[in-house]
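Engineer: Got a structure for you, questions after.
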Amino acid sequence: MAGMPSSRSDRGPDDSRSTLIAGRVGRPHGLDGSFHVTRPDARLLAGVEEVLVDGVMTRVERRAGTPERPILRLEGHAGREAAEALRGAQLAVPIGRAPALEADEYWAHDLEGCAVYDGDRRVGEVRRMLPLPSCEALEVARADGEGVLLVPMVRDAIRSVDVGAKRIAVDMAFLGE
């Protein structure tokens, strides 16, 4: 929905900020080296000719399935055994090849480390973005050290995001706090 705060993709703990995770290699599909992609980012995978597989640029030879449940085969990985050997490998796209973001969309890594406030009250700091079944949420380490707060990426919970200032304004009353 336009105007709704949302994030796009994520990066792994050992990735530089130059790549975005597009999914992971899942179980093999058939005998030709194709595999299911788990946790896919459909927009990142759409139309890319190459992906980084555990840091190695590899050409996509085949696409099947749907955007939500893609099936890929990579160059140099023919046969079911090759697909099984890749299982669990991270698929990434260089950030320069990622599609442009729309208004009120953010890369998850841009939100990590942002200070979270409700008015003048510091609530905590964003640890990471979590994909939930109904929406994405910010995992916020509370400033008072009392655990974490999950903030859904919805307009009622998030008043504003200023990536440049590393600051996110939330509505704690909406969150029941």
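Just so it is clear, none of the values below were taken in a lab; they were calculated from the coordinates. Keep in mind that this is a model prediction, so the values were computed, not measured. Here the Cβ positions follow ideal geometry from the backbone for every residue, glycine too, while neighbour counts run over all protein chains shown.
Engineer: Could you point to the label whose value was computed as P(r) over Cα pairs in 10 Å bins from 0, in percent for the structure here, given [x] 10, 35, 28, 18, 8, 1; [y] 10, 37, 33, 14, 5, 1; [z] 10, 38, 36, 13, 2, 0?
Structural biologist: Correct label, based on the coordinates given: [x].
Engineer: Roughly how many debye, to the nearest 20, is the charge dipole of the chain about its Cα centre, given +1 on each Lys and Arg Cβ, -1 on each Asp and Glu Cβ, and no other charges?
Structural biologist: Once rounded to the nearest 20, the dipole reads 420 debye.
Engineer: Please compute the alpha carbon radius of gyration of region 9-97, then divide it by the globular-protein estimate 2.2 N^0.38 Å. Two decimals is fine.
Structural biologist: Output field value: 0.97.
Engineer: How large is the dipole of region 9-97 about the Cα centre if only Lys and Arg carry +1 and Asp and Glu carry -1, each at its Cβ, rounded to the nearest 20 debye?
Structural biologist: 240
Engineer: With +1 on each Lys and Arg Cβ and -1 on each Asp and Glu Cβ, and nothing else charged, work out how big the dipole of region 112-170 is about its Cα centre, in Debye to the nearest 20.
Structural biologist: Dipole about the Cα centre, nearest 20: 100 debye.
Engineer: Counting only other residues whose beta carbon sits under 12 Å from that of Ile158, what net charge do I get with K and R as +1, D and E as -1?
Structural biologist: -3
Engineer: Follow-up. Once Lys and Arg get +1 and Asp and Glu get -1 on their Cβ, which of Val161, Gly33, Thr58 lies farthest toward the positive end of the dipole of the chain?
Structural biologist: Projecting each Cα onto the dipole axis, the largest value belongs to Gly33.
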